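Single-structure report; data block below.
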Amino acid sequence: MHRRIRRTFVISGVVASLLAGVLSIRFAADMTAAAAPPPAPPISMEALRSSLAAEQARSTSLQVQLDDLFAVTDELTAALTSTEGEVKVDGLTAKQLRERLTAADAKLRTVNRLFKEAQRRLTALGATAPTLPPTKPASGAGAGGSGSSSAATPAPMTPPTAFTLSLGLTSGGVLATWTTCSAGGFDSYALVRSTDSEVHYPPEDGDTLVARIMNSGTTSKVVAAPSGARWYRLYCLVTTNGETRTAASTSTGRINVP
């Protein structure tokens, strides 16, 4: 009797344990299914091909944009390199540029002052120009009466000779010939050579004073010259009130030395 009761309890305990295990497994499965993400919908091959083609097109567009950016970067680098080279060649700072502008402004003021002085002197010369006396009519002698009279025509004035410069090649270099400068108070001729068409006296950048001729009657000069194209200009200098200034200058001439 006791054995049957014990066996019944044991079987009941085993069955209860199995039921509890089954219920635990089922509950765990339900919880896992609830926590799992929803299944992804199926994707067709056509959709995959379309997505891949879109990504490839986007990649190609990005590559083109990157190439453009690289090209712009190369251009900026080249521009910066060129600018750096120009700065190294010129060697000009902002201060030096301001000094050059100041010097140019001073020269412009000097030219303006000389121009006004020339106008004043021309006005003074015109006011004090000598007046020719009127020509008396010539009377002719005649047997029967008085002769007719007519006013004499004044002789025409000879215009001044233009101040010009001519250039030629010779065995010694460049032969410069010019006309005589008729300005009063002659001081000298100044022959200036330049590497460009802007020729100045006093010489500036690129200008070189190659000859100073003190005799007003001298009208030619041979100067040694480097090969290549060069520009020349002759200045007639005069001295008035202890100041030497430019009275006249020729036009700029160009010559190519082989």
> Could we say that Val174 is of a type outside the set (Ser, Thr, Tyr), in contact with a His (Cβ under 8 Å, 6 or more places away or on another chain) and either assigned to a strand (DSSP E or B) or without any contact (Cβ under 8 Å) to a residue 60 or more places away in the chain (or both) here?
Replying inline: no
> Of everything in the stretch 157-207 that's exposed (fewer than 12 other Cβ atoms within 10 Å of the Cβ) and among the aliphatic types (A, V, I, L, M), which residue is nearest to the chain's Cα centre (by Cα)?
Replying inline: Ala162
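Listed here are the residues, each with its yes/no results for (1) surrounded by 10 or more Cβ atoms within 10 Å (Cβ to Cβ); (2) modelled with pLDDT under 75; (3) among the acidic types (Asp, Glu); (4) in contact with a helix residue (DSSP H, G or I) (Cβ under 9 Å, 6 or more places away or on another chain).
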{"site": "Leu76", "(1), (2), (3), (4)": "yes, yes, no, no"}
{"site": "Ala79", "(1), (2), (3), (4)": "yes, yes, no, no"}
{"site": "Val87", "(1), (2), (3), (4)": "yes, yes, no, no"}
{"site": "Leu108", "(1), (2), (3), (4)": "yes, no, no, no"}
{"site": "Leu114", "(1), (2), (3), (4)": "yes, no, no, no"}
{"site": "Thr131", "(1), (2), (3), (4)": "no, yes, no, no"}
{"site": "Pro137", "(1), (2), (3), (4)": "yes, yes, no, no"}
>> Looking at the stretch 212-226, can you tell me whether even one residue there is in contact with a strand residue (DSSP E or B) (Cβ under 7 Å, 6 or more places away or on another chain), closer than 18 Å to Thr110 by Cβ and not basic (Lys, Arg)?
In response: no
>> Restricting to the stretch 208-238, name every residue that is surrounded by 14 or more Cβ atoms within 10 Å (Cβ to Cβ), within 15 Å of Phe186 (Cβ to Cβ) and β-branched (Val, Ile, Thr).
In response: Ile213, Thr219, Val238
>> Looking at the stretch 213-225, can you tell me whether even one residue there is over 19 Å from Val174 (Cβ atoms), in contact with an Asp or Glu (Cβ under 6 Å, 6 or more places away or on another chain) and not small (Gly, Ala, Ser)?
In response: no
>> For the stretch 193-258, give me every one of the strands (runs of 3 or more DSSP E) that falls completely inside it and has 3 or more residues that are free of Cβ contacts under 8 Å to residues at least 24 places away in the same chain.
In response: 207-213
> What do you reckon, is Pro160 within 30 Å of Val223 (Cα to Cα) and modelled with pLDDT under 60?
Replying inline: yes
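The values are calculated or read from the model by the stated rules, or taken from the named source; none is laboratory data. Source: prediction; values computed, not measured. A quick note on method: Cβ atoms are made from the backbone with ideal geometry, for glycine too, and the neighbour counts reach across all protein chains shown.
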